[in-house]
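The values are calculated or read from the model by the stated rules, or taken from the named source; none is laboratory data. Remember, predicted model here, so these are calculated numbers, not experimental data. All Cβ positions, even for glycine, are placed from backbone atoms using ideal geometry, and neighbour counts span all protein chains on display.
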Amino acid sequence: MKNLLMFALGLLFFVGQTQAQVNYEVRKKNGVTTYRAETVAGSSVFDGPILSTLPQGAATARIASAVKKPWKPEPPKKTIDWAQFGTGGTKSVFKLSSDFRPDQYSHDQWRQLGFNLISRWSSDKRDGTDKWSDVPNNQKLEYEVEGSLYTNTSGGPRWAGHYFYTASLAQMESVFMASIPGYGQGAQWTANIEESNYWSRDYYPGVNYPNWDAVKGMNIQLESEPGNMTLEQLVNSGKAPFEMRVRRSNRNGLMLLVAKRNGAMAAFGSSMWQGEPRTDCLQTSNRFLDEADMNVSNIGGSNGTITLNGHTYTGMTGSFYKHEDYHLDYHYYFDFDYTGSNYEAEPDYPSLWPKVYVMHPIAREIGHWMANRKRMIDVHGKQIPAIRMHELFFEGNARVPGAFGLNGTNEDGAGPKPWVPPYIIRLQYMLQHILEGETFGSGYHIFHAAGSPNQGIEYDFASKPKYNHHMHTATSLIAARRDMEGILDKIAGSTLYTDLQIKIGNQGSFQTVNGVSAYNFQPDGKRGDRTPCFVMRTKQTDAGLYVLIAGGHDQGWDDTRTDAIQIPGSTNEIQVTYKGRDLAVFETLIPTGTIGQTFIAKSIVSDWEKKGYGGRIITNGGDLLLISLALGTALRRSRKLGIRQRKPSKTSTPKIRI
Amino acid sequence: MAYFIAEFVKELNGVETVETVVLQYTDALSCAQAEASVTGLSTADTLAARARCTTSAPAPPSGQIVQDRNCSGSSADQLNVIGDDSNYVRDSTTGGGGGGTPTNYDSDGDLVGYIKA
């Protein structure tokens, strides 16, 4: 009966009960204006019942709507409750892909969760269903590794390393034609090249490098200048480094052209800007592995055109990156600082994640993206789409605390690598989506090598001991996707601003801040003070200027601050008040004709917070939670379910780099 | 999981609308009890109130009211799940790079402003 009473009271509240002061969001659709109350007073989340009449005593408010829908981290370990996100999929053209896919999910079920791009590594279930060949081109992501890319069809050594660099360009064309599937329009192909990025005498002998004495007399046709040399002559001439650069550019450019031969989009597979954004990254033009222009004039080509094995390729001049149709932003977080007192004693992720510190990930993401955008413009004269790629875990060799009880469960005999806190995956995904906009070819991809033959799909997920932990990092990605779903139409066709006038701490004067300056990582490796950082999208509507703003600061989970951001091209500003390290995302409307006004964006609801997590968290289990929240403390649930939380250590312990 | 869906049919400016409230119910509140309670909860402007229980759809977050903001669960919403690019306009001249704006986004409508009352 108690629940029935709560239900009745709750419904009464939603169908017309009034409070002293309630904010409403006003929307207009198909000519009909509706009003929605805040779910919780002061939350700036407007999930209340839809009303069609203006509430009595209404007055204009200059506020904003928080973009966050409720999601519930699963209480038990190794439990996935993705049914909470429904089956509606996504209508976004921005791609979402994850190699991590437990094998109980079919392709269709995966799509229903919002994954609209399927990697080859997460295709083909063991029972023979969900074949890669059945995936439509516009949902295909091929991430081809050197093992297949450099296959030697004659059975000899792979065309990697020594063989990659000493082969003629015509030989490599044959290799690429044999190994790279000719995907059609809409498919996205990229490479994972790790063993053939450099060529040096010092590599002999080694993996992909035979005994030097056996090959030093090998004669090759040079590509950086006319003529031939033996490998030994090349090394002794001092010309080997430049020859390597030209050959590498020629092969990489050719590889992209071959991959595109039937209309697929191609990306080289490395981020042009490597590592954290440095303060000079927007002034410099250096690009990863792009140290010499393509040049085929010494091997039979002319003006960048060359015919190899009967196929003619053009544009073989300049940067090999110019043949990219999209960019793979491959930038993994390597390690983190542990801010607690006893890492090995942390019992589980909900306890660990609040103490995992990564420096200003919001500025890092924005700054890194800007560094690549600058290089795209250098190469292409315009921005091209980008897929941000990350893993569920930190790339370094740290392992989960011993108290997790997972030692020895990883494939390498150690414990698994620690998964990144859920809020980081959330902000990476949402920022990439906001930065890229609704752009076909752009997206976010989780790389996850689970073992051959299909590296991503998790056969026997349920029986693998290494996954006996909370899966919230993966769940938060789906939650972030759903958060974006309600604003897709506003992102489409909007204008992005990355360099905003910000009044830091809402004090002093406005100053220009972007992700690079906010991260403040100097070229010499010194780190300056970080600042808050925001990006904004605006779109003109009939009612005024729609504004979407996202950002945050490198502050503690218990810290709250306010920053003011000027609406570009106007005298209006938005004051954003936010708590913790999560990405703050708000939308608002600046009515036409508004001058010199301040709009307040604030959404701090302690019941929705969880350190290490992002978005609107349901920390309590059970029924009727929302109603109880709406009715206030009198009806607040007394029964607490859910994940155990521990207060972070209040002792001032030194950070430990993990 | 099981859900209790209450629908309140109202007339607003000559337009019939349906307000939907979705709740997860537990053992303490049977489906029959929930259904029976709806009529008594309707307000003066309610033309009709109806309720049903379901174990299938829509699947809201546990314990949450999921109203019709992007989550109506209507069949129309299910038609254009991801991968159906037939509604997207693509630029076929860019060798697969393409682009275009979908025309079938779910939309809450244009944000017009805010009021306090």
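Here are the numbers for this structure:
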| read-out | value |
| --- | --- |
| Test: residue in segment A:611-630 that is at pLDDT 95 or above, more than 14 Å from chain B (Cβ to nearest Cβ), under 28 Å from A:Gly544 (Cα atoms) and in a loop (DSSP other than H, G, I, E, B) | no |
| Residue match in segment A:553-567 (condition: within 22 Å of the chain's Cα centre (by Cα) and either within 14 Å of chain B (Cβ to nearest Cβ) or within 19 Å of A:Thr279 (Cα to Cα) (or both)) | yes |
| Residue in segment A:470-484 that is in contact with a Phe, Trp or Tyr (Cβ under 6 Å, 6 or more places away or on another chain), modelled with pLDDT under 95 and within 30 Å of A:Ala371 (Cβ to Cβ) present | no |
| Single unsatisfied condition, A:Gly89 versus (1) facing chain B (nearest Cβ under 8 Å); (2) at negative phi; (3) in contact (Cβ under 8 Å) with a residue 12 or more places away in the chain | (2) |
| Single residue of A:Gly301, A:Gly318, A:Gly310 found to be modelled with pLDDT of 95 or more and surrounded by fewer than 15 Cβ atoms within 10 Å (Cβ to Cβ) | A:Gly310 |
| Qualifying residue in segment A:343-358 (condition: β-branched (Val, Ile, Thr), away from every other protein chain (no Cβ under 14 Å), more than 21 Å from the chain's Cα centre (by Cα) and assigned to a loop (DSSP other than H, G, I, E, B)) | no |
| Residue list for segment A:329-352, filter: touching a His at 6+ places or on another chain (Cβ under 8 Å) and buried (at least 22 other Cβ atoms within 10 Å of the Cβ) | A:Asp329, A:His331, A:Tyr349, A:Pro350 |
| Selection status of A:Thr230, more than 14 Å from every other protein chain (Cβ to nearest Cβ) and closer than 20 Å to A:Trp369 by Cα | no |
| Enumerated strands (runs of 3 or more DSSP E) restricted to segment A:18-101, each holding at least 1 residues that are in contact with a Ser or Thr (Cβ under 9 Å, 6 or more places away or on another chain) and not hydrophobic (A, V, I, L, M, F, W, C) | A:23-29, A:32-37, A:95-98 |
| All positions within segment A:266-313 that are over 20 Å from A:Ser174 (Cα atoms) and not in a loop (DSSP other than H, G, I, E, B) | A:Ser302 |
| Residue that is nearest to the other protein chains (Cβ to nearest Cβ), among those in segment A:390-414 that are closer than 25 Å to A:Gln139 by Cβ and surrounded by fewer than 23 Cβ atoms within 10 Å (Cβ to Cβ) | A:Leu392 |
| Residue satisfying condition, being in contact with a Cys (Cβ under 9 Å, 6 or more places away or on another chain), of a type outside the set (S, T, N, Q) and within 21 Å of A:Ile590 (Cα to Cα), within set A:Gly515, A:Gly569, A:Gly551, A:Gly544 | A:Gly551 |
| Among the candidates A:Lys140, A:Lys125, residue that is more than 18 Å from A:Glu391 (Cα to Cα), within 14 Å of chain B (Cβ to nearest Cβ), touching a Lys or Arg at 6+ places or on another chain (Cβ under 9 Å) and of a type outside the set (Ser, Thr, Tyr) | A:Lys140 |
| All positions within segment A:558-588 that are polar (S, T, N, Q), under 20 Å from A:Met430 (Cβ atoms) and outside any strand (DSSP E or B) | none |
| Residue ranges of strands (runs of 3 or more DSSP E) in segment A:139-242 with at least 1 members within 35 Å of the chain's Cα centre (by Cα) and charged (D, E, K, R) | A:140-145 |
| Number of the condition not met by A:Thr475 [criteria: (1) over 12 Å from the mean Cα position of the chain (by Cα); (2) assigned to a strand (DSSP E or B); (3) buried (at least 20 other Cβ atoms within 10 Å of the Cβ)] | (2) |
